[in-house]
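For reference, the structure discussed in these notes is given below.
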Amino acid sequence: MNKGPGLFSDFGKKARDLLTKDYTTDQKFSISSFTDSGVAITSSLVAEGGLSAGDVVAQHKFKNGSLDVKLDTESNILTTLSITDFPSSTKVIASLKLPDYNSGKLEVQYFHQHSGISAAVGLNQSPAVDFSATIGTPAIAFGAETTYATASGEFAKYNAGVSYTKPDSNASVILADKGDSIKVSYLHHLDLLNGGTFGGEISRRFSTNENTLTVGCSYLVDPHTALKAKLNNHGSLGALLQHELRPKSFLTISGAFNTMNMQKNPKFGLALSLKP
């Protein structure tokens, strides 16, 4: 595909991943295996507060796409078909979750050297239509997204933003919630953190004058071990340790507690993902 500005959903994604990805307060175990026909099967079990849930995912990759089938403990079956470069510079994603026959969705993404377009529609009688577009270059891009609800004939969402990317940093500004909120995020790669990163996100909701500032960093202890931490202005502190036991197999230990209320019980999570 052409390397261009990407999609609107990519705006601020690197900072969001730094502040949210792999943080968990659940106990999660997953194991993957591969059949002789090339199908990857992943089984997962999540436990929280005495309750547990699990799922099994089978993925088959072919020349220009993949087919995923997910079965969970609530008897839901999610099927997702992704096809890339058919036609050129496009990606088509079709999904259906059974037994809800109205959950079907079709999405088409188009990537160009100076633009990125995504359109998705629900496969039901009164579908919601999602549309996003970006223009620019890999360095700077402007974009917007909207959701049109055909049942009510109204726009349920419209957001706009700008993203600026350099080899060692990324920044974005997004006006969201129909203009009621703004989010500013920044991520910077630091050699002082042994190849780690530092970043943050500040959001403001104009209707309530509520501000939230979150900062975080990651540090590579060695090629197989990473530390991450984040803190917001409400006193919520999170930290995690992730170690690669073997290629693509990870052990993640994370915790969270409120620094403004030390008597509140901290929460801890453990995730183990094993792949052959």
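The values are calculated or read from the model by the stated rules, or taken from the named source; none is laboratory data. Just so you know, these numbers come straight off a predicted model, no measurement behind them. For neighbour counting, all protein chains shown are included, and Cβ atoms are generated from backbone atoms with ideal geometry for every residue, glycine included. Accessible surface is based on the protein model in full, side chains and every heavy atom, while ligands, DNA and RNA are left aside. Shrake-Rupley method; radii C 1.70, N 1.55, O 1.52, S 1.80 Å.
Of note:
- Failed item, numbered, when G269 is tested on (1) open to solvent by less than 70 Å² (accessible area, probe 1.4 Å); (2) without any contact (Cβ under 8 Å) to a residue 24 or more places away in the chain: (2)
- Tally, over the range 222-251, of residues that are among the basic types (K, R), assigned to a strand (DSSP E or B) and surrounded by fewer than 16 Cβ atoms within 10 Å (Cβ to Cβ): 1
- Listed here are the strands (runs of 3 or more DSSP E) enclosed by the range 80-199 that have at least 3 residues being over 22 Å from N64 (Cβ atoms) and open to solvent by less than 40 Å² (accessible area, probe 1.4 Å): 128-136, 140-149, 154-166, 169-176, 181-190.
- Failed item in (1) within 21 Å of S103 (Cα to Cα); (2) touching a Pro at 6+ places or on another chain (Cβ under 9 Å), with S126 passing the rest: (2)
- Considering (1) within 25 Å of A144 (Cβ to Cβ); (2) open to solvent by 80 Å² or more (accessible area, probe 1.4 Å); (3) part of a loop (DSSP other than H, G, I, E, B), the lone condition that D36 does not fulfil carries the number (1).
- From the list L241, L175, L190, L213, the one residue that fits, being at pLDDT 95 or above and within 30 Å of S115 (Cα to Cα), is L175.
- Residues in the range 94-140 that are closer than 30 Å to S169 by Cα and aliphatic (A, V, I, L, M): V108, I117, A119, A133, I135, A139, I140.
- Whichever residue in the range 200-210 is part of a strand (DSSP E or B) and open to solvent by 60 Å² or more (accessible area, probe 1.4 Å) and, among such residues, is farthest from T165 (Cα to Cα): E210
- As a summary of the residue check, K264 satisfies the conditions (1) part of a loop (DSSP other than H, G, I, E, B); (2) farther than 27 Å from G49 by Cα; (3) charged (D, E, K, R) except for the one numbered (2).
- Filter pass, L213 being under 23 Å from the mean Cα position of the chain (by Cα), in a strand (DSSP E or B) and crowded, with 16+ Cβ neighbours inside 10 Å: no
- Within the range 39-79, the set of residues being open to solvent by 80 Å² or more (accessible area, probe 1.4 Å), of a type in the set (G, A, S) and modelled with pLDDT of 90 or more comprises S75 only.
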